[in-house]
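One structure is given here, and the rest of the page talks about it.
Just so it is clear, none of the values below were taken in a lab; they were calculated from the coordinates. These numbers were taken from a predicted model, which means no experiment stands behind them. Quick reminder, even Gly has a Cβ in these numbers, built from the backbone with ideal geometry, and neighbours come from all protein chains shown.
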There are 2 protein chains.
Amino acid sequence: MNEDTDLFKAIGDATRRTILDELTSKDGQTLFEICGRLTMKHGLASSRQAISQHLTVLEQAGLVHTRRQGRYKFHHLDTGPLRSIVERWPIDREEPNP
Amino acid sequence: MNEDTDLFKAIGDATRRTILDELTSKDGQTLFEICGRLTMKHGLASSRQAISQHLTVLEQAGLVHTRRQGRYKFHHLDTGPLRSIVERWPIDREEPNP
DNA sequence: TTGACATGCAAGTGGCGACTTGCATATAAC
DNA sequence: GTTATATGCAAGTCGCCACTTGCATGTCAA
């Protein structure tokens, strides 16, 4: 599976996009913290295992990097791969002023 | 199904991304023209019906607009919806010079 | 009008992916 | 050492989606 496939597959799932939103608002969360905040803030009721698998997919796509510390594993957002989308097709960056 | 779901689902398929590539290099193609060029240039061997269904998905996502003229139907690219991706997460637009 | 061309529609099939379930491992608190 | 905490792994289920198949509709040329 090539890089593009990994990337687009990763952002193709609504729960994974919400996880990216969560890491945008607070970077470096643990799995349990993400689970809790997804339930609280976003009303999602996904199990820990489901979220864990989502994080694995995001990591394979290079959108999330992890850092181990004792029994904790912190997840960090990296939007770098998303730039390839912007560069692939001609996107107008700014709306012209009316 | 909300807008985001349509958009990310649309670009989640490799064949549909190749169609967007094709329309980027030559806009306003008919279904048959797209089929031919996908086979020639990209080595894809998808049937006409499959491509037609892909174009429907792209149109639902707002990435492709169509224009009917007699028995022909021309397909036009619109990258506008892709901007929502750029705006959703903080993407560094430019690499800093080394 | 007859035939060729361009597209549309709808049911059926197969595989991939999201999610669950159950257990395992590792670290830290007591 | 014992228990609780945080995460990992793997098999199984189920629904969705890409693709096919077959036929229908509409347009233009002769």
I need the full set of residues from segment A:6-24 which are surrounded by fewer than 19 Cβ atoms within 10 Å (Cβ to Cβ) and charged (D, E, K, R), in order please.
A:ASP6, A:LYS9, A:ASP13, A:ASP21
Looking for something assigned to a loop (DSSP other than H, G, I, E, B), more than 13 Å from DNA strand D (Cβ to nearest atom), more than 9 Å from chain A (Cβ to nearest Cβ) and over 15 Å from A:TRP89 (Cα atoms) - is there at least one such residue anywhere in segment B:30-38?
no
In segment B:14-25, what residues are facing chain A (nearest Cβ under 8 Å) and acidic (Asp, Glu)?
B:ASP21
Condition broken by B:SER25, with the remaining ones in (1) within 12 Å of DNA strand D (Cβ to nearest atom); (2) within 24 Å of A:GLU87 (Cβ to Cβ); (3) not hydrophobic (A, V, I, L, M, F, W, C) satisfied:
(1)
Counted residues, segment B:40-67 - those being near DNA strand C (Cβ under 10 Å from one of its atoms) and touching a strand residue (DSSP E or B) at 6+ places or on another chain (Cβ under 8 Å)
3
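So which residues in segment A:59-75 are of a type in the set (Val, Ile, Thr) and more than 9 Å from DNA strand D (Cβ to nearest atom)? I'd like the intermediate steps shown before the answer.
At the first step, the residues of segment A:59-75 found to be of a type in the set (Val, Ile, Thr) are A:64, A:66.
Once the filter is applied, which keeps residues that are of a type in the set (Val, Ile, Thr) and more than 9 Å from DNA strand D (Cβ to nearest atom), segment A:59-75 yields only A:VAL64.
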Just the residues that are surrounded by 15 or more Cβ atoms within 10 Å (Cβ to Cβ), of a type in the set (Val, Ile, Thr) and assigned to a helix (DSSP H, G or I), please, taken from segment A:39-74.
A:ILE51, A:VAL57
